[in-house]
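Notes follow the structure.
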Amino acid sequence: MIDTKRLAEERDISGVKWFDYRFISAVQATERFYETYIHLYREAFRRNFDAGTATLKRAVPARGLWGSPGEFSAAWRARQIADGFGMPYDFFIRECIEAALRRGVARVPRPNQLYNLLSMPHVQERWEERRKALPLFSELPQYRVEAFCGLPAQIEHQQWVIDSLKARQARPFAIAQACFVDRLFTLDRAKAEFNPYVVEQMLSEAAGMKADPAPALRATNFLPSCFGLPHACSPSISPCIECHVREECRTAEAKVRGKVAQRYGNEKPRDEEKLALNRERVARCRAKRALAGAGAVSQELPLKAPEMKAAGTPLQAGIE
């Protein structure tokens, strides 16, 4: 179970996560993160410890992601951190593992140990280098020009691709590939973004280029990653207020909250569990303090009459 604070955070990170994950649900994204972690754990173990036994390593508990609430919650939180930095999961996990091993960590870190304040500046620096050195874009059909419908993710992806091409000073062939084969932006957009000479060269390189047919997409393929997630929908604030499925999301979110309440007895089971554990912890702490206080008082009390008689007073001891 995930608490309401973490669920609400999905609303804010839905617009900054890497483009591949903006049209899949938070649960699907967590499953993908977990699978990627298992693969990269074995890769790191093979490279840094023992190549012969790397394939035998489970990397995670035998029951997997859904085996315990703690395992799922740890993977969820680690995935959220990667989303907050806008990094692909394989890049984030690999760089965090390598950074931890460089710090002298004795074993491959678990998902909840990936994030480290000391390592993140280096990881972010590596991400900037990767962005400038290699072409990075999403291959999801939702980002092709045939599927363009003005969604924020689509607009941002187009700008990302163009900025990347400019930053790398891409050759006309790479621009033509992105425009005519990958179908990431239109010819009109290319003419508006690049100088006439580059466009002329691009058109020359594009001779014979042909794109694969665009797959058919349904309306559900364009739902944002936070759609219907309990406690993540807030129609009066951004980004919900601009969302194209705001009303549908509010209806779906209410249904989900109802099902959660039906199953657990309330709409915030994880929050209630935390409150109950906190109350128990406070009660135990108070009981210990009371017991310690009672012990201190008993030590300070004067001896009772029978005890004084048995022990004797200083005067009686002198007479004897």
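The values are calculated or read from the model by the stated rules, or taken from the named source; none is laboratory data. What you are looking at is a predicted structure, and each value in this text was computed from that prediction instead of being measured. FYI the Cβ positions are ideal-geometry reconstructions off the backbone, even for glycines, and counts take in every protein chain you see. These accessible areas exclude ligands, DNA and RNA; they are computed on the full protein's heavy atoms, side chains included. Shrake-Rupley method; radii C 1.70, N 1.55, O 1.52, S 1.80 Å.
The table below gives the values:
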read-out	value
Segment GLU35-LYS255, extension gain: residue separation times 0.36 nm, minus the distance between their alpha carbons	76.3 nm
Of all accessible heavy-atom area on the stretch 76-128, the percent that carbon and sulfur account for (1.4 Å)	50 percent
Charge dipole (the chain, unit charges on Cβ, about Cα centre) - positive-most of LEU140, THR186, ALA211	LEU140
Farthest positive-ward along the chain dipole, Cα basis, beta-carbon charges - from ALA106, ILE241, TYR34	ALA106
When each of LYS166/LYS210; LYS132/LYS210; LYS259/LYS288 is checked by Cα-Cα distance, pairs over 31 Å	LYS259/LYS288
Relative contact order %, the chain, counting alpha carbon pairs below 8 Å whose residues are six or more apart	21 percent
Distance between modelled label sites at LYS191 and MET209, nm, 7 Å Cα→Cβ extension	1.6 nm
Full-stretch length increase - LEU217, ARG286 - with 0.36 nm per residue and alpha-carbon distance subtracted	18.9 nm
Using θ = phi - 60° and Karplus 6.51 cos²θ - 1.76 cosθ + 1.60, couplings along the stretch 193-210 (whole Hz; Gly, Pro as x)	9, 10, 6, x, 5, 5, 5, 4, 5, 4, 5, 5, 5, 6, 4, x, 6, 9
Protein accessible area in the stretch 147-299, 1.4 Å probe - carbon and sulfur %	55 percent
Neighbourhood net charge (13 Å Cβ-Cβ; Lys/Arg +1, Asp/Glu -1) for PHE185	-1
Inter-part distance where the stretch 175-203 and the stretch 91-141 are each reduced to a Cα centre, Å	32 Å
Accessible solvent surface per residue of the chain, calculated while the other protein chains remain in place, 1.4 angstrom probe, Å²	60 Å²
Dipole moment magnitude, nearest 20 debye, the stretch 144-199 about Cα centre, only Lys, Arg, Asp, Glu C-beta charged	180 debye
The stretch 135-197: GluC sites (Glu not before Pro) falling in loop per DSSP and having at most 11 other Cβ within 10 Å	GLU139
Karplus-derived HN-Hα couplings along the stretch 157-164 (A = 6.51, B = -1.76, C = 1.60, θ = phi - 60°), whole Hz, x at Gly and Pro	5, 4, 5, 4, 5, 5, 4, 5
Within the stretch 157-277: Cβ-based charge dipole about Cα centre, in debye rounded to nearest 20 (Lys, Arg +1; Asp, Glu -1)	280 debye
Overall dimensions of the stretch 25-128 by Cα: Rg and Dmax, Å	13.2, 37
Relative contact order computed over the stretch 143-202 (Cα-Cα under 8 Å; 6+ residues apart), in percent	39 percent
Hz values of 3J(HN,Hα) by residue in the stretch 61-73 - Karplus curve (6.51, -1.76, 1.60), Gly and Pro given as x	x, 4, 7, x, 4, 8, x, 8, x, x, 5, 5, 5
Loop-located trypsin sites (Lys or Arg not before Pro) in the stretch 207-279 whose Cβ has at most 10 other Cβ within 10 Å (DSSP)	LYS210, ARG218
